[in-house]
Amino acid sequence: MGEDNSRSIELDVDDLERFKLRYSLGQDDGRGSKHFLRIKVTEGAVSSRQLTEIARLSDEYGRGKAWITDRQSIQLHWIEGRHAPEIFSRLEEIGFTTDKCGQAYPAPGYGDVRNICACPVAGYEKGEKIDVRPLVKEMNDFFIGNEDFLDMPKKFKISISACEIDCVRSQMQDLGLFTIERERRPGFGAVIGGSLGVAQPGAVIGKPLNVFIEPDEVFEVAKNMAEIHRDHSSTESVAKARFKQLVREWGVEKIRSKLEEKLGRKLERLKYSGPEVSGREHVGVQEQKDGNFYINIPVLGGGLSSEQLRRAAEIAEEYGSGDLRTTPYQNLILLNVAEESLDGALTELKKTGLSVEGSRLRWESVGCASDFCASSPEYHPKAVAREIIEHLEKNVGKELEDYRMKIGVSGCPRDCGLKGPSDIGLLGASTGNDGVGSEEYRLYIGGRFGADPRFSKALDGERSVDDIKIMIRTLVEKSLEEEHDDFQELWKELSSQELKEIAELEVEGKWEEKKST
Ligand code: SF4
């Protein structure tokens, strides 16, 4: 077979039958990649054996690179269509499928249930109220390859979180389930119709369904909500086909009534605005509830080499139980490391370029994959996020280590890089010819999910990355000077105009002068 110069994928009839419901390639448009492969890592759970095979696939077909996505999948690029049957076969052998990735289709349809985001340390996290793993499994067993849910008007995103960290970001999901208590009874609350993208009606924070869902009702609620999307979301145009548009048109009350009509019973009412999110995160080394430890490795932007994947798998095997997890912040976790094995594991990880040192910004910041994407391939958001964090760590120092702030960098308004819900957001504004140094971004401030959710707001016009990192540093220094440990404290105390004036001080060379007055 000759060189693959088109986007078409050749499958024989048997392969087509075997793979059509569970496997597909997505369309790329940057860095010379025509297709990507998004491996659905259910529950974010990947064994050392599976990770080693993914490393091999990456070597053979993906130029030795892999990316963890914000839905805990693992993505390879530079995949050629002619290799699809071999790759799908090998994924099937290790028990993985792929997302359906219907973004290349210009009309509504081909929407599947995307990888269900779940707390990566479910079953291990000390503060969790419910171990959600059986619930996630039940949903995955039902939705994956289920023909009834593969041609919805558009994709449907579900998350379920087990503790007050809500690292799955419930409020940007079509259906975000989060743990909540009613009279000391743990169950779930739900937010619906959240999304950061540009499809109508634009970026929306998920709205509270205001019901209490018993753990044994979760599957039914998820199934019926997906059916409501499938049967009632618009098929008129792609722009109107997301579930958030139906939530906008119908309102929460009508959606809830429809859900209850389908369930054949009323759900218990409970008022909330969203998940109560604490300041705690799954950062670095944390003790599990069984006394072992997990190591959360920050992979800023989610990009790893095949060698790093392979070594992470070996280290997990040697020092832990061989179980790993991918996280919604695109990081990688090694589970079940005994206290006496921690030093050895951390040393080996560091040698592999997987250091667990640095500020918590490294675990909680995101940059989109713009350079592979048709929307804005000229931006380098992952590199920009890294550059800002390194600048802050170098110049602010130790005080930054436990400072609470999230940075999100996106190439375009689809906002895969989470500019909207981040304390500090950057949105691509214009590009130059010399990579990161010549790109310009618009700076946004103040976004946060949780009980008082809001999207960040534009602070300023277009700025170079060099200016922006100085502006962010000045704001952080001001906040630390006020003895804050959370960026939101500064945001709440000052108006946008005041924040802008402070941010510009150092760019104008006046910050030191101002500090000494
Ligand atoms: S935010 Fe835009 S540029 Fe970045 S990955 Fe998403 S669609 Fe592409």
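The values are calculated or read from the model by the stated rules, or taken from the named source; none is laboratory data. Note that the structure is predicted; figures quoted are calculated from it, not measured. Positions of Cβ are generated from backbone atoms using ideal geometry, with glycine treated the same way; all protein chains shown enter the neighbour counts. Keep in mind that these areas ignore ligands, DNA and RNA; they rest on the heavy atoms of the full protein, side chains included. Shrake-Rupley method; radii C 1.70, N 1.55, O 1.52, S 1.80 Å.
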- Leaving ligands, DNA and RNA out of it, work out the accessible area of Arg242 with a 1.4 Å probe and give it in Å² to the nearest 10. 20
- For region 153-195, listing trypsin sites (Lys or Arg not before Pro) in a DSSP loop whose Cβ sees at most 16 other Cβ atoms within 10 Å gives Arg184
- Note on the structure: Between the modelled labels at Glu348 and Arg56 (7 Å from Cα along Cα→Cβ) the distance in nm is 2.0
- Using only alpha carbons, build the gyration tensor for region 126-281 and give me the equivalent ellipsoid semi-axes, biggest first, whole Å. 24, 17, 16
- Task: Enumerate the calculated ³J(HN,Hα) couplings along region 127-132 in order (Karplus 6.51 cos²θ - 1.76 cosθ + 1.60, θ = phi - 60°), each rounded to whole Hz, writing x wherever the residue is Gly or Pro.
- Result: x, 6, 8, 9, 7, 7
- Note on the structure: Result for the chain, cysteines with no Cys Cβ partner under 4.7 Å, is Cys101, Cys117, Cys119, Cys163, Cys167, Cys373, Cys412
- May I ask which of Lys100/Lys289; Lys34/Lys419; Lys469/Lys492; Lys155/Lys258; Lys254/Lys419 have a Cα-Cα span longer than 25 Å here? Lys100/Lys289; Lys34/Lys419; Lys254/Lys419
- Item | Share of carbon and sulfur in the accessible heavy-atom surface of the chain [1.4 Å probe, %] | 44
- Query: Taking a probe of 1.4 Å, how large is the accessible area per residue of region 363-515, in Å²?
  - Reply: 41
- Task: Could you calculate the contour length gain from Arg49 to Asp290, that is, 0.36 nm times the residue separation minus the distance between their Cα atoms, to one decimal place in nm?
- Result: 84.4 nm
- Charges only on Cβ, +1 for Lys and Arg, -1 for Asp and Glu: so what's the dipole of the chain about the Cα centre, in debye to the nearest 20? 1420
- Report the extension gain between Asn146 and Ser495 in nm, rounded to one decimal, defined as 0.36 nm multiplied by the number of residues separating them, less their alpha carbon distance. 120.6 nm
- In whole angstrom, and with the biggest value first, how far do the Cα coordinates of the chain range along each principal axis? 74, 56, 51
- Task: Of all alpha-carbon pairs in region 68-186, indicate the percentage at a distance above 16 angstrom.
- Result: 68
- Item | Rounded Å value of the spacing that divides the Cα centres of region 9-78 and region 278-344 | 22
- Task: In whole Hz, with x marking every Gly and Pro, tabulate ³J(HN,Hα) for region 75-81 from phi via Karplus 6.51 cos²θ - 1.76 cosθ + 1.60, θ = phi - 60°.
- Result: 10, 10, 10, 6, 7, 9, x
- Normalised by the residues of region 126-281, what does the relative contact order come to in percent, with Cα pairs under 8 Å and at least six apart? 24
- Residues of region 126-281: accessible area per residue at 1.4 Å, in Å²? 39
- How long are the three semi-axes of the equivalent ellipsoid of region 363-515, in whole Å, if each is the root of 5 times an eigenvalue of the C-alpha gyration tensor, listed from largest down? 24, 17, 14
- Points 7 angstrom from Cα along the Cβ direction at Glu340 and Val198: gap in nanometres? 5.8
- Give a residue-ordered list of calculated ³J(HN,Hα) values for region 36-50 (Karplus: 6.51 cos²θ - 1.76 cosθ + 1.60, θ = phi - 60°; whole Hz; x for Gly, Pro). 10, 10, 10, 7, 6, 9, 5, 6, x, 8, 9, 8, 4, 5, 5
- Mind ranking Lys394, Lys40 by accessible surface for me, highest first, 1.4 Å probe? Lys394, Lys40
- For Leu263 and Leu21 in one chain, what is 0.36 nm times their gap in residues minus the Cα-Cα distance, to one decimal in nm? 84.4 nm
